[in-house]
Amino acid sequence: MIRPVTIAVLAIGGQGGGVLVDWIVALAEREGWRAQSTSVPGVAQRTGATIYYVEAIEAPAGRVPVFSPMAAPGDVDIVIAAEWMEAGRAIQRGLVTPDRTTLIASTHRTLAVSEKEIPGDGLADSATVTAAARAAAKRVAAFDMAALAEQAGNVVSSVLFGALCGTGALPFPRAAFEAVIAEAGIGVQGSLRGFGLGFDAVDAPALGVKPQPPVLPPALAPLGHQAYDALLLRAAALPVGAHAMLAEGLKHVVSYQDIDYGSAYLDAVEAVVREVPVSSARDTVAEAAAKYIARAMAYDDVIRVAALKTQPSRSPRIQREMRGQVLAVTEFMHPRAEEMLGLLPQRAGIAIGRRPRLVALLDRIAGGPKRIRTDTVVGFLTLYIVAGLRGWRRKTLRHAQESARIETWLTTVRTVAGKDPALAAELLANQRLIKGYSETHARGLDKFSRVMAASERLAGRPDAAVWVRRLRDAALKDEQGSTLDAALRTVDSFLDERTAA
Amino acid sequence: MAERSFAREIQQLRLGAGAEFRGEGILAITKALLENGVGYVAGYQGAPISHLMDVLADAADILSELGVHFESSANEATAAATLATSAMYPIRGAVTFKSTAGTNVASDALSNLSSSGVVGGALIILGEDYGEGSSIMQERSHAFAMKSQLWLLDPRPNLESIVRMVEHGFALSEASSTPVMLEVRIRACHVHGSFIAKDNRPPPFSLTQARNAPVRDTGRIVLPPASFAHEKDKIARRWPAAVAYIQEHGLNEVFAGDLTEAGIILQGGMYNSVMRALMRMGLADIWGNTRVPLYVLNVTYPLVDAEIVRFCADKRAVLVVEEGQPDFIEQALSKILRQADSPTRLLGKRILPMAGEYTVAVLEDGIRGFFAAAAVEADLTPRANAAAVLDEEPVRALADVVPARPPGFCTGCPERPIFSAMKLVEKELGRHHIAADIGCHLFSILPPFNVGATTMGYGLGPASASALNGGEGKRVVSFIGDGGLWHNGLTSSIGNAVYNKSGNVTIIVDNHYSSATGGQDLLSSRAVARRRSTGHGIVQAVRGVGATWVRQIDRTYDVARMRATIREALTTPAAGPKVIVASSECMLNRQRREKPLMQAAAKAGKRVVRPRFGVDADICTGDHACMRLSGCPSLSLKHTGEKLRDDPIAVVDNSCVGCGHCGEVATAAILCPSFYRADIVENPGRMDRFLAKIRTTVIGALQRRRAARHWMPA
C-alpha cells in the first residue's frame, strides 16, 4: 500500500522544533513532494514537551493526499527527539516501533523541574532510555547533538537536520537539505556548520559506546612534599579498596586546612577501620570513612567560602566557562550573625550567642545581603582577609561544634563497626544529609540526627543497614522531610511491634 | 510586538487568481477573508488562533490598502459586539477568538447579534482549544450554536476546504440572516498546506458609506416586542433558508464506497483522522478513496434532515463520529432517523468514547468495534499498533524514568521572582489561600512553586476570592496578569474589590504584553506601537477605580523588595484592597528586541557588556534549595565526577540571560554563596584594559603570598 513518509518531532519549548519542521516541509516541497505539518501550539511551548508531526508523499499529477493530523502509534517512520528523555517519551507513546522507525535523537539532557527539586540525586537514568531505544527502534542515530550545536555556535535543530540527512531515512540528496537551510536565509552559516556536524556524526561509533578510561598512576603516589608524602604513606597502609578515595580525601582536607588536619583525618579513618575485622566489608567501610570523614571535616564555613572565591584557579575557570572576556565578577552573599559568631573563640561565641540583642546588632553591622566585586582590589581583599583566618579556625566556636558532632557520629560508627560493618558504612554515608547553608543546613542536620537516632534503635537487626539506607534515601527525596517522616513511621511500627511482642 | 512575526509570510496575502498559496491554516483563513470582500476584522488572541491575530496585525498595510478595518479587541465580548455593523449594513465582518473560553466571554454579544440577525455576512472564526495541547476546560462550541441559533461550520482540516467554508460561511450568513461560526481545531490552525488563490476583493459597501448613511430599524433591536419576533423568525425563516443554502451548494460532502451496507457520518474536522484510521484498516488509501461511504458534515449545525435520511436509506448501520460531549449530533440523528421511520441502526458513543480527544488510534478502535457490532463483512488489515513493543521490559521501564515536562516560566522570566517571593513570604507567615488567574503566571501552580489554589477564568483571579473577603484571620492573595486586567479584570476584580471594601491582596503581574498568547501589545505596554495607543499605566487605572493602597515594583527581580512588599500587604492595618503592581518586561520579548541590537553593536566594534550567572562548583553543596525557588531552565544540575560527592550540583548553562533571579534568591532566602554574576565585555575599552591590568597584578601578588603560606596538593 502506498503510504506517506511520517515524521514525528519531539522537542522542548524553545528548542527550535518549529524551525526544524519548517525545513523538513520545505525540503519535501522543494523535491516536488506534497507535505503537511501540524503542531500543538499554545502555552505548551513555554519550556514544556511539544510534538510536531510531518507527512510527505510524492503525489502523481491530479492526486491529492489525505494526510493525518497526528502521529499514530506504530505508524511513524522517523522520530526526531531533541532531548534524550523526549526520545523516551516518544517510545512510551508507541511512536517508535521495531518494524519501521528510525530514531534520531540527541542524548543530552535538559532536566525537568521534578528532577531538579529533589534534595538528593533525582536525575533520571539515561541508560533506561538507551535500553528502550535499542528495543523499540529499527535504527538509532543518537549522540550528544547539543554539544555539536555548541561547537557549531548554533542550535540543536540544525544538528538534528544534519543527522536526518545522514541516516538516509529521507530519499533526498544532501545538497537539497543544505539548499533549504540557505533558502531560509536566517543564520545560514551557523546552521550549515551544525548540519555538517550532525551529518558526519551519524557514522560515528554507535550508541552507548564509551571511551576506555585512561590508565591512571597509582592513587597514593608521592608528590614530592615531605610531610604530605608521609601522610600518603600512612594512607597506603589502609585497605587497598579505599586508596583512591583516601587520595581525594587527603587532598581535600589538606587544601582545606593544613598538613596537621590531614593527619587528624587519617587518625579518624584509621580509628574506624581498626574496628572492622579483616573481610571484604573492610574495604567498603574504609572507603566510606575516607569519603565522608573528609567531607565532614571540610565543613562549609565563611573561611572556606572566602578561600574558594579567592583562589588563583577561579578566575581562569570563570573566563573559560563564560566564554568571553569577563569584566566584573559580583558575588551574591548573605552572611548572618550565626556565621560571625562561629568565627569567634568558643567561649566568646557562646557568650554573645546567649544575648539576642547583641546578636541582632552583629547581624545589623556585619550581616545582610552583600554584593562583593571580587575582580576589584577592595572586594578581593575583603574576602582574602577572611580566607586568611584559616590559621585561627581551630579555635573557633564553629570548629568546636563541628568537631563535637563528628566525634559523636564516629563514636556511633566505631561502636557498630565490629559487629555490623555494613551498618557502619551506611552510618558514615549519612554525612550526605548535611549540606547547604543556613536554614537548609539546619534542616539537613535535623534529618541527620533523626536518621542517626533511628539507626541506634535499628542496630542489632540483620536488616539495620538496609533500613538506614532506606531512611537516608527517603530523607533526600524532599525538602520538608515528609518522605522521611513516613519511612520513620514504618520503622517505628515494626520496632514497636517487636517491643510489644 | 508579537512573539512571532509573519512579515515574510503575509506577502502571500497578495497572491492573485490562479496562484498557489502555501502556508499555515491561519494565514489561509486571512487570505480567504480578503478574497471574500470582508469589510472589517476584529478579535482577541488566544491559542490556537493567536497567530491569526498576529497575521492580521502584520498585514495591517495590506488590509488598509483594501479598505479593511482591523481591531485588536479588548476582549472577546468586544470582538463579538463589533459584528453589530453587519447587523445593520451590508458589510461582511469577521471576528476571531479561542473557544470555548472566548465564546463564553463573547456570549452576551453573540446572543444579541443572533437575535437581531444580520444583513452583511458575519463570520466568527473559533480556534477550538480541545484535546492535546489545550490549556482550558474541555467543552464544545456546539452548545453555543444550539442555544443562540448560530450556524456552525466544521470544515475538513485542509486549506482548500477551510478556504471554501470561509467563502460559503459569508454567503450562508447572508442567505439566512444569521451569524456563522467557523470552527478550526488546534492542529488545523497550524496545518501547513496549499490551495489555489483568487483575487482579493475590496468590500463592495464601505464602512465610510455606512458612517455617512446611518440605518436604524427598531425591528432589529433586541427589545420587546421585536425580540419575540426574532425568535420566531429564527425558526420560520432563517433556519429553512440556511438548510436550503447548505443543500443547494453541497456544503456537506458524501464520499461513496463499495461497502454500501454501512456508513460513517462525521464532523468535517474529523475527516483526516477517520481516513487515516480507515487506511490503517485497509479500507481507504492515501488519495482519499474509501470503501466505507462517508457523509462529512462540514456544517454541524444545523443538520440537513433530508441528506441524512438519504445517506442512511440503504444502510444497515451507520456510525457517528462526533468528538466531545454531550453527543448533540447523535441525539439529533436519532430523532431524525426515528421520525423518518428509518430502520438503519445508529451507533456512536456506545462504541466510541463519550469524552476525550478522538485520536487516530481511538477512531480505529471505534470503527473496528462498529464493524463488529454491525456485522459488516470486510477484510480488515490487522491492527498495526505498538502494543507489542510497549509491553517489552526495557520500554515498560521508561514509566519510572521519563519525567513529566509541563510548561513553565521561560529563562529569565520576570514572573519567577514574584513567586519565589510569595513562597518565601509563606515560609514566614504560613500558607494563605491564593487565587490564580489565566496567563503565564498560572505556571506558579506547578512545581517548584506550588502556589495557587483556584483559577476561575481570565481576569477573574481576585474576583474568585470575593467570598473570602473580610472577616477574621489571614488575608487572601490573588494574582492577575496585565492581560487579564485589561480583558475585564479592572472592573470584575479590582473595581469589585474596591466597591465591596475587600481587604484582600491582589498582585498584578505586569510583563508589558499579553505574553501567554504570544506577546501581543496591551493598553499598558511600554513600547510605542505604531497603530495602537499604549503606555497607559496600570497604577493610574487601579487608582482610578478607587484603590488607595497601591505599590508599584518596577524590577520584579528584586526578590527581597518583592517579599517585603507582599509581607507588608498581608500585615498592614490599612483597610481596602491591597494592590501590588509587579512590573518587568517579558524576557522573551525583551531578548527578541535587545539581542539583535547587542549583536550588531558588538559586530560594529562597540563596547557591549552582557551579564551572565555562574555557580562555584566547590561552594555548591548539592542541596538544590535554589532549584526549589527557581525552576529556571538555565539553572540545572550536573554530576561533577568528583569522588567525594554523591549528589549533582547546580550549574548555570549558556542559555542564561543574566536576569539575576538566582543570585537574588540566594541572598534573599539566605541559601548559599555559590552564585556569582560575571559581566562579559566585548570590545573592551582602554579603561577596561587598564583597570584589569592593575587588578590582576595586585590580586596575583596576594594569591602568590597565600600560596607561599598554605601548601596545597596539586
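For the listed peptides A:294-305, B:638-649, B:256-267, a ranking on the average number of other beta carbons within 10 Å per residue, highest first, reads A:294-305, B:256-267, B:638-649.
Along each principal axis, taking the top coordinate minus the bottom one, the Cα set of region A:5-201 gives 60, 36, 32 Å in descending order. Compute the distance from the alpha-carbon center of region B:302-340 to that of region B:382-400, in whole Å. First find each Cα centre; the distance between them is then 38 Å. Centre-to-centre separation between the Cα atoms of region B:95-174 and those of region B:623-665: 47 Å.
Using R0 = 60 Å, the C-beta based FRET efficiency linking B:Lys595 and A:Ser279 works out to 0.45.
Using the rule -39500 (n - 2.57) for each DSSP H run of four or more residues, divided by the residues of chain A, the 222 nm mean residue ellipticity is -17500 deg cm²/dmol.
Segment B:Thr260..B:Ala19, full-extension length gain: 82.9 nm, with 0.36 nm per residue of separation and the alpha-carbon distance subtracted.
The order of A:Ile434, A:Ile78 by accessible area, most exposed first and with a 1.4 Å probe, is A:Ile434, A:Ile78.
Counting, for every residue in A:83-90, the Cβ atoms of other protein chains within 10 Å of its Cβ and taking the mean gives 3.
Per-residue extension of 0.36 nm, minus the Cα-Cα distance of A:Leu381 and A:Ser114, leaves a gain of 92.1 nm for this segment. Projected label points at A:Asp229 and B:Lys232, each 7 Å from Cα along the beta carbon direction, are separated by 11.4 nanometres. Note on B:Lys234: aspartates and glutamates with a C-alpha under 15 Å away, same-chain residues under 8 apart excluded, are B:Glu174. Mean separation of Cα pairs under 8 Å and 6 or more residues apart, divided by the residue count, gives chain A a relative contact order of 10 percent.
Expressed as a whole percent, the accessible surface of the protein assembly as shown that belongs to carbon and sulfur atoms is 56, based on a 1.4 Å probe. Take the alpha carbon gyration tensor of chain B, find the square roots of its eigenvalues, order them as a ≥ b ≥ c, and report rounded if a/c is under 1.5; if not, report prolate when a/b exceeds b/c, else oblate. Prolate, since a/c reaches 1.5 and a/b exceeds b/c.
Peptide packing for B:501-512, B:612-623 was compared via the average number of neighbouring C-beta atoms within 10 Å per residue; ordered from the highest value, the list is B:501-512, B:612-623.
Peptides B:396-402, A:450-456, B:173-179 ranked from most to least packed by the mean count of surrounding Cβ atoms within 10 Å: B:173-179, A:450-456, B:396-402. The residues of chain B have, on average, 38 Å² of accessible surface per residue, using a 1.4 Å probe with all protein chains present. Per residue of A:306-313, what is the mean number of Cβ atoms on other protein chains within 10 angstrom of that residue's Cβ? The shielding value for this peptide is 4.
Sequence-distant contacts, meaning Cα pairs under 8 Å at least 6 residues apart, place the relative contact order of region B:416-589 at 24 percent. Rg ratio for region B:253-389: its Cα radius of gyration over 2.2 N^0.38 Å, N being its residue count, equals 0.98. Beta-bridge orientation, chain B: approximately 30 percent antiparallel, per DSSP, counting only bridges with both partners inside. Residues in region A:5-201 average 31 Å² of solvent-accessible surface per residue, probe 1.4 Å, ligands and nucleic acids excluded. Taking 7 Å steps out from each Cα toward its Cβ at A:Glu270 and B:His433 produces label points 6.7 nm apart. In this simple spin-label model, placing a label point 7 Å from the Cα along the Cα-to-Cβ direction at both B:Ala602 and A:Ala182 gives a separation of 2.7 nm. Relative to the longest principal axis of the Cα atoms of chain B, the long axis of helix B:25-35 lies at roughly 60 degrees. Tell me whether region B:517-669 comes out rounded, prolate or oblate; compute the Cα gyration tensor, take square roots of the eigenvalues as a ≥ b ≥ c, and use a/c under 1.5 as the rounded threshold. Since a/c reaches 1.5 but b/c is at least a/b, the shape of region B:517-669 is classed as oblate. Estimated from the Cβ-Cβ distance and a Förster radius of 60 angstrom, the FRET efficiency linking A:Ala236 and B:Thr572 is about 0.35. Chain B against chain A buries an accessible area of about 11200 Å², both chains summed, 1.4 Å probe radius.
For the residues of B:692-704, the average number of beta carbons from a partner chain within 10 Å of their own beta carbon is 4. The residues of region A:241-329 have, on average, 35 Å² of accessible surface per residue, using a 1.4 Å probe with all protein chains present.
Its relative contact order, with pairs defined as Cα atoms under 8 Å and 6+ residues apart, puts chain B at 10 percent. List the lysines whose alpha-carbon lies under 16 Å from that of B:Lys603, not counting same-chain residues fewer than 8 positions away? Answer for B:Lys603, where 16 Å is the Cα cut-off: B:Lys595, listed by chain and number.
For B:Lys427, the lysines whose Cα comes closer than 18 Å to its Cα, not counting residues fewer than 8 places off in the same chain, are B:Lys474. Estimated from helical segments only, the mean residue ellipticity of chain B at 222 nm is -10000 deg cm²/dmol, where each DSSP H run of four or more residues counts as -39500 (n - 2.57). Of A:Met1, B:Met146, the residue with the largest accessible area leads and the full order is A:Met1, B:Met146 (1.4 Å probe).
The values are calculated or read from the model by the stated rules, or taken from the named source; none is laboratory data. Computed from a prediction, not measured in an experiment: that's the story for all the values here. Here Cβ is always computed from backbone atoms with ideal geometry, including for glycine, and neighbour counts include all displayed protein chains. With ligands, DNA and RNA removed, areas are computed over all heavy atoms of the protein, side chains included. Shrake-Rupley method; radii C 1.70, N 1.55, O 1.52, S 1.80 Å.
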